[in-house]
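Novice: This is the structure I want to talk about, given as structure tokens.
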Amino acid sequence: MVLIKPHHAMHEAHTQYANTQTHRPTSGYNHCVAVIVSGCGVYNGTDIHEASAVLVHLSRAGAKVRMFAPNADQMYVVNHCQGTPTDEKRNILQESILNESCRVHSWGFSVAKNLSDWAVKNKDCTILPHLGKLIKDFHKAGRPLSMCCISPILAAKIRPGCELTVRQDKECEKWTAGVVKEMGCKHVNKDVEEAHINVKNKLFTTCAFMCNAPIHKVFDGIGIMVKETLKLA
């Protein structure tokens with residue numbers, strides 16, 4: 001998730017989330033961007049391909065990036081080799097810093113199980129209180145928000161009536177798009193290399209790996225999302 005905010009106001013994010021690292025372009029920056037990650041690995045944390053794409057596009061645009069992650073335990077841990085849960089305990093912030101050490105950051109299923117409990121409650125889910133407050137504060141201040149993959153569900157929960165995309169209805173009607181509609185939001189069908197712009201709410205979404213797509217198309221869709229977001233920053 002990408003949050004655009006002036007540099008002087010970044011202290012609010014600092015009070016709620018731990019900062020993993022700052023990425024500065026070598027020749028100054030045009031925008032200050034907060035990127036929220038939530039662990040490492042698609043089933044335990046954030047998807048490395050999606051977040052790497054975000055960072056590349058932000059870097060190309062000359063943005064200063066500050067990365068944040070919640071200091072909390074994961075709902076559960078998945079063995080990526082076997083695809084099954086384990087009894088292991090992992091801290092989201094510690095895993096995010098592990099991800100940071102190799103300069104890759106991502107979204108992934110952790111939005112549905114670590115930043116919220118969507119994985120088990122769907123439309124009746126709750127969002128981490130400090131994250132919910134942060135998103136509301138950004139919206140109230142008129143700042144753009146970008147969300148890719150499954151993370152638009154956070155906007156659906158906090159901003160009923162907003163417009164977003166999580167891919168095509170025919171591909172995800174039951175689990176995501178249909179539930180988003182039940183929450184009072186408008187789901188817009190978009191291909192993976194596209195992004196939806198909800199001008200009224202300054203919300204920018206793209207489906208990324210919510211569909212089975214080649215990585216270059218995911219990269220292109222995220223690029224459009226980032227580019228359009230920065231236009232309104």
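Novice: Which entries of Lys64/Lys181; Lys89/Lys140; Lys157/Lys231; Lys64/Lys170; Lys89/Lys227; Lys64/Lys123 have Cα-Cα distances beyond 32 Å here?
Specialist: Values: Lys64/Lys181 35 Å; Lys89/Lys140 36 Å; Lys157/Lys231 25 Å; Lys64/Lys170 38 Å; Lys89/Lys227 37 Å; Lys64/Lys123 34 Å.
The answer is Lys64/Lys181; Lys89/Lys140; Lys64/Lys170; Lys89/Lys227; Lys64/Lys123.
Novice: So the label point goes 7 Å from the Cα of Asp169 along Cα→C-beta, right? Which residues of region 178-197 then have their backbone N under 16 Å from it?
Specialist: Within reach of a label on Asp169: 178-191.
Novice: Just flag the trypsin sites (Lys or Arg not before Pro) in region 155-214 sitting in loop per DSSP whose Cβ has no more than 11 other Cβ atoms within 10 Å.
Specialist: Numbers: sites: Lys157, Arg167, Lys170, Lys174, Lys181, Lys186, Lys190, Lys200, Lys202; in loops: Arg167, Lys190, Lys200, Lys202.
Those that pass, being in a loop and sparsely packed, are Lys200.
Novice: Which value in nm describes the separation of the simple spin-label points at Asp87 and Asp117, placed 7 Å from the Cα toward the beta carbon?
Specialist: 2.4 nm
Novice: By the gyration tensor of its Cα atoms, with a ≥ b ≥ c the square roots of the eigenvalues, what is the shape of region 29-231: rounded for a/c under 1.5, prolate for a/b over b/c, or oblate? Intermediate results must be reported in sequence, preceding the final value.
Specialist: Values: a/c = 1.31, a/b = 1.10, b/c = 1.19.
Rounded shape, in that the Cα axes give a/c under 1.5.
Novice: What are the ³J(HN,Hα) values, in whole Hz, obtained from phi via the Karplus relation 6.51 cos²θ - 1.76 cosθ + 1.60 with θ = phi - 60°, for each residue of region 188-203 in sequence order, with x given for Gly and Pro?
Specialist: 10, 6, 9, 6, 4, 8, 10, 9, 9, 10, 9, 4, 4, 9, 6, 10
Novice: May I pose another question? Take region 146-233, drop everything but the C-alpha atoms, weight them equally and run the Debye formula without solvent; then report log10 I(q)/I(0) at 0.11, 0.15, 0.17 Å⁻¹ to two decimals.
Specialist: Once normalised to I(0) and log-transformed, intensities are -0.25, -0.46, -0.59.
Novice: May I ask you to compute the full-extension gain from Asp137 to Lys217, defined as 0.36 nm times their residue separation minus their alpha-carbon distance, rounded to one decimal in nm?
Specialist: 25.6 nm
Novice: Using a 1.4 Å probe and ignoring any ligands, DNA or RNA, find the accessible area of Trp175 and quote it in Å² to the nearest 10.
Specialist: Roughly 100 Å² of Trp175 is accessible to a 1.4 Å probe.
The values are calculated or read from the model by the stated rules, or taken from the named source; none is laboratory data. These figures come from a predicted structure and were not determined experimentally. Note that we place each Cβ from the backbone using ideal geometry, even for glycine, and neighbour counts take in every protein chain shown. These area figures cover heavy atoms from the full protein model, side chains too; ligands, DNA and RNA do not enter into them. Shrake-Rupley method; radii C 1.70, N 1.55, O 1.52, S 1.80 Å.
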